Every structure is written in structure tokens, then in C-alpha cells.
Amino acid sequence: MSQVPMITLNNGVQIPQVGFGTFKVDAAVTQQAVENALEAGYRHIDTAAVYGNEEGVGAALRAVNLPRDEVFVTTKLRNGEQGRDLVQRAFEESLGKLGLDRVDLYLIHWPAPALGTYTEAWAELESIHRQGGARAIGVSNFLPHHLETLVEGAEVTPAVNQIELHPSFQQPATQAASREHGLAVEAYAPIGQAKDLDLETVTGIAREHDVTPAQVILRWHLQQGTVVIPKSVTPERIVANIDLFGFELDEEQVAAITALDSEERMFPHPDEGNFTMLD
């Protein structure tokens, strides 16, 4: 665990570069999966209100009973709760389910531009941050034009943009815009929901290093300064996904993986997937 690098966000808060994702982790198994992750050395847990598993994350944190300052916890605001009069209540609901008095990072989950509410939601996140409810605040799935609109009127610059990012879909323009504004880039679905594990370039590099394809991809992310949140409920894979520090990709290998980029999203386009209900 001590080998996991820390990324310093634009407000000085540090985030472990490898975290444990809980997207599509069933509520019934979330506690055990997160306990396994914490015991394997993860100190960064990512959840969201819409995942329906915040309670399991909180139960795992209590069961493992690590000092609160040792675990970085992220959750996210549902789209249907972006309204100015809804954000604080939604945040307090998430805190209650997690059993925490603060989170380390709170994100607007999607821009949902059809709602037209992400800028007013951001003002509420700024208030939550000022009051100490979240050590850092940020966004997820924001494209460059969403970032421009948000940053233009913001008092607090977002610390993170969490986006779909894996070898076959890299969003270079969104990565560049995020970093230009001082946001850290965080990759969800970092191995392409396992789809990218079978790419010949990846499997070939894995054989060269005698590691798994997932370890190759995650190492590629780390060497580019990206925060990653791989997800698994299999204990062996949970351990393997944080065992990334006994090898290093050379420049040619990094370039070969980067050359795999395409325009094929696995998740909805942020301008089209407006999710106007409580999702």
C-alpha cells in the first residue's frame, strides 16, 4: 500500500492514485468487496449515490476500522438532485448512508445539460466544501465545453474530472482541457470493463513482463499521471489490481497502448445521456 503514489490536487488535498471502484457492485456484496480491498491495501474508495451501495461502503469502513484520515472516500451527486434546493439534502443523505461526517471528494456525476442545473449545483458543492463537508469537490463526465462553462463562473475550481478512460477510448481533448484548468484526471472503467484486456498489444506486453493484461493497462494509466479506480469482486483480482509497482513500461510500450485509441464509447455521451430522473 505504501507504494501507491499520492496525487496532489489543486487545493493541496492528496488522493491515492489507485482506488477501488464500486460501480455495479451489488449492494449485497459491497461490504465484503470493500473490506477485501482495504485489507489488500487500497486507501481510496469510490462510490456514488446512484450505485445504491453507499451503505455497504460505510459498513466496510466501520468493520475494518482504519483511522478516518487514512481512507480517501469519494461519492457523487445524482443528476435529478442537481437543483439548488436538493443538493444539500442529497449530500447529507449520502453522508448518512456512509456513516461519515465528511467525504474526501464529492462529484457532480454527469453534466446532464438538458437539465441546465450543473452550474447551480456547483455553487452548492462550493458551499459544502467551505463548510468542511467535502475536502475537495469535482465533476465527472464533463467535456471541455462543460468545463469552460463551469469554471467561468466558479469560485472554486474543480479538483477532479472523473471520465471514461481506457486504451480503446482515451478522450485526449477532455484530458487536456481538464489538466489545463488544473483538474486531475481520474479514469473510470480503466480497463474498458475487461474489453481491452484481449487487445493483442496489451496481451503481448503482459507476456513480456509476466503480469496480467489488467496490470499492464493500469500501469499505463499510472505512468501518465492518471488516477485509476479498477473494480472487481474477486479477491485475487482485487489484490492484483493494486500490485503495479514491480515493473515499468518503457516508452515504446506506453506509445503502443496509447495508439489503441478509438472513438468508441462504452458509456453514454455526456451531451446526450441527460438522465433527467434520479440517476
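Within the stretch 1-16, residues that are within 13 Å of residue 185 (Cα to Cα) sit with their Cβ atoms under 9 Å from residues that are outside any strand (DSSP E or B) and modelled with pLDDT under 95, at 6+ positions apart or across chains, in these pairs: 16/1.
Test of understanding: among 156, 160, which residue is β-branched (Val, Ile, Thr) and surrounded by 22 or more Cβ atoms within 10 Å (Cβ to Cβ)?
160
On inspection, residue 100 qualifies as assigned to a loop (DSSP other than H, G, I, E, B), surrounded by 17 or more Cβ atoms within 10 Å (Cβ to Cβ) and modelled with pLDDT of 95 or more. Restrict the check to the stretch 199-213 and report whether at least one residue is in contact with a Pro (Cβ under 9 Å, 6 or more places away or on another chain), of a type in the set (Val, Ile, Thr) and free of Cβ contacts under 8 Å to residues at least 24 places away in the same chain. Within the stretch 199-213, one or more residues are in contact with a Pro (Cβ under 9 Å, 6 or more places away or on another chain), of a type in the set (Val, Ile, Thr) and free of Cβ contacts under 8 Å to residues at least 24 places away in the same chain. Among the residues of the stretch 1-11, are any of a type in the set (A, V, I, L, M, F, W, C) and modelled with pLDDT under 95? Yes, the stretch 1-11 has at least one match. Does the stretch 211-218 contain any residue that is of a type outside the set (A, V, I, L, M, F, W, C) and more than 17 Å from residue 168 (Cα to Cα)? Yes, the stretch 211-218 has at least one match. Kindly indicate which of 71, 25, 64, 18 is touching a His at 6+ places or on another chain (Cβ under 8 Å), over 17 Å from residue 134 (Cα atoms) and either at pLDDT 95 or above or of a type in the set (A, V, I, L, M) (or both). Matching residue, one of 71, 25, 64, 18: 18. Looking at 74, 30, just one residue is of a type in the set (Ser, Thr, Tyr), buried (at least 21 other Cβ atoms within 10 Å of the Cβ) and in a strand (DSSP E or B), and that residue is 74. Answer yes if at least one residue in the stretch 166-177 is within 30 Å of residue 92 (Cα to Cα) and surrounded by 23 or more Cβ atoms within 10 Å (Cβ to Cβ), and no otherwise. Scanning the stretch 166-177, I find no residue that is within 30 Å of residue 92 (Cα to Cα) and surrounded by 23 or more Cβ atoms within 10 Å (Cβ to Cβ), so the answer is no. Just one of the listed residues (258, 226) is surrounded by 17 or more Cβ atoms within 10 Å (Cβ to Cβ), modelled with pLDDT of 95 or more and within 26 Å of residue 269 (Cα to Cα), namely 226. Say we look at the stretch 147-193 and pick out the residues that are among the β-branched types (Val, Ile, Thr) and part of a helix (DSSP H, G or I); which of these is nearest to the chain's Cα centre (by Cα)? If we take residues in the stretch 147-193 being among the β-branched types (Val, Ile, Thr) and part of a helix (DSSP H, G or I), then 174 is nearest to the chain's Cα centre (by Cα).
Would you confirm whether or not the stretch 216-231 contains a residue that is assigned to a helix (DSSP H, G or I), free of Cβ contacts under 8 Å to residues at least 24 places away in the same chain and over 17 Å from the mean Cα position of the chain (by Cα)? No, the conditions are met nowhere in the stretch 216-231.
The values are calculated or read from the model by the stated rules, or taken from the named source; none is laboratory data. All figures in this text were calculated on a predicted structure; none of them were measured in a lab. In this analysis, Cβ positions are derived from the backbone assuming ideal geometry, glycine residues included, and neighbour counts consider all displayed protein chains.
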